[in-house]
1. Testing Glu109 on (1) more than 16 Å from Ala68 (Cβ to Cβ); (2) assigned to a helix (DSSP H, G or I), one condition comes back false. Which one is that?
2. May I ask you to list the residues in the range 139-183 that are more than 21 Å from Val20 (Cα to Cα) and either hydroxyl-bearing (Ser, Thr, Tyr) or in contact with a Pro (Cβ under 8 Å, 6 or more places away or on another chain) (or both)?
3. From (1) out of contact with any helix residue (DSSP H, G or I) (no Cβ under 6 Å at 6 or more places or on another chain); (2) assigned to a helix (DSSP H, G or I); (3) polar (S, T, N, Q), pick out the condition that doesn't hold for Ser64.
4. Name, by its number, the condition in (1) of a type in the set (Gly, Ala, Ser); (2) modelled with pLDDT of 95 or more; (3) under 30 Å from Thr160 (Cα atoms) that does not hold for Gly110.
5. Any residue at all in the range 136-157 that is at pLDDT 95 or above, closer than 16 Å to Leu95 by Cα and surrounded by fewer than 17 Cβ atoms within 10 Å (Cβ to Cβ)?
6. Please tell me if Pro163 is under 14 Å from Ala44 (Cβ atoms) and either at pLDDT 95 or above or surrounded by 12 or more Cβ atoms within 10 Å (Cβ to Cβ) (or both).
7. Which condition from (1) assigned to a helix (DSSP H, G or I); (2) surrounded by 13 or more Cβ atoms within 10 Å (Cβ to Cβ); (3) touching an Asp or Glu at 6+ places or on another chain (Cβ under 8 Å) is the one that His79 breaks?
8. Considering the range 145-162 alone, what residues qualify as being part of a loop (DSSP other than H, G, I, E, B) and of a type in the set (Phe, Trp, Tyr)?
Amino acid sequence: MSLRPNLVVLVSAGGTVAAVSLLTLPWPAAIASSVLGVLMIAGADVDAKAFLLPNAVTYAAIASGVVAAAALDPLDGWHAVMGATARGAATALALALTKWSYARLRMREGLGFGDVKLAAAVGVWLPTATIPLCFGLAAGAALVAVLLARFRGEEVHAFTRVPFGAFLCPALWLVFFAGVLLP
């Protein structure tokens, strides 16, 4: 299975995200939103196909989030970077504990380390107050997708795999974009 995103999806959806960002946000936030959007499209596309989030996407999202934190708060960039880093570590730790607890209780994996790394990106990019909104939006979208699959007649059971990153990626971009657009 290829860990490369579909180029047509990446270019068309990435172009749309960039256009929306550039038309609605001030330029530093528009650039940040565009970069995050393209990374999240790539991550969602690959995870939906392969049930894996590429390290290139998760690490780039973390690194670009740290850079964006400094760029979007030029008066106190160092403080913004330290806050983003702390939120990223705390969010990754929370999801790692969830991953570990689930595996211990159910005796099988429920989340992958790609999801944990993506959680770090969520923490780096989003203010603390919106992190639960991001995870709630992703979980709600995943639930709707599973329910729609069930209504279409697909077999859904306790062992059905759901690519959570495919839902968390767009949720991250949407919550970031809305947070900048509607402060």
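The values are calculated or read from the model by the stated rules, or taken from the named source; none is laboratory data. As the structure is a computational prediction, the values presented were derived from the model and not from experiment. Neighbour counts run over all protein chains shown; Cβ positions are idealised from the backbone, glycine included.
1. The one condition Glu109 does not meet is (2).
2. If the condition is that a residue be more than 21 Å from Val20 (Cα to Cα) and either hydroxyl-bearing (Ser, Thr, Tyr) or in contact with a Pro (Cβ under 8 Å, 6 or more places away or on another chain) (or both), then Ala141, Thr160 are the ones that fit.
3. Of (1) out of contact with any helix residue (DSSP H, G or I) (no Cβ under 6 Å at 6 or more places or on another chain); (2) assigned to a helix (DSSP H, G or I); (3) polar (S, T, N, Q), only one is false for Ser64: (1).
4. For Gly110, the failing item is (2).
5. Yes, the conditions are met somewhere in the range 136-157.
6. It is true that Pro163 is under 14 Å from Ala44 (Cβ atoms) and either at pLDDT 95 or above or surrounded by 12 or more Cβ atoms within 10 Å (Cβ to Cβ) (or both).
7. Unmet for His79, out of (1) assigned to a helix (DSSP H, G or I); (2) surrounded by 13 or more Cβ atoms within 10 Å (Cβ to Cβ); (3) touching an Asp or Glu at 6+ places or on another chain (Cβ under 8 Å): (2).
8. Phe159
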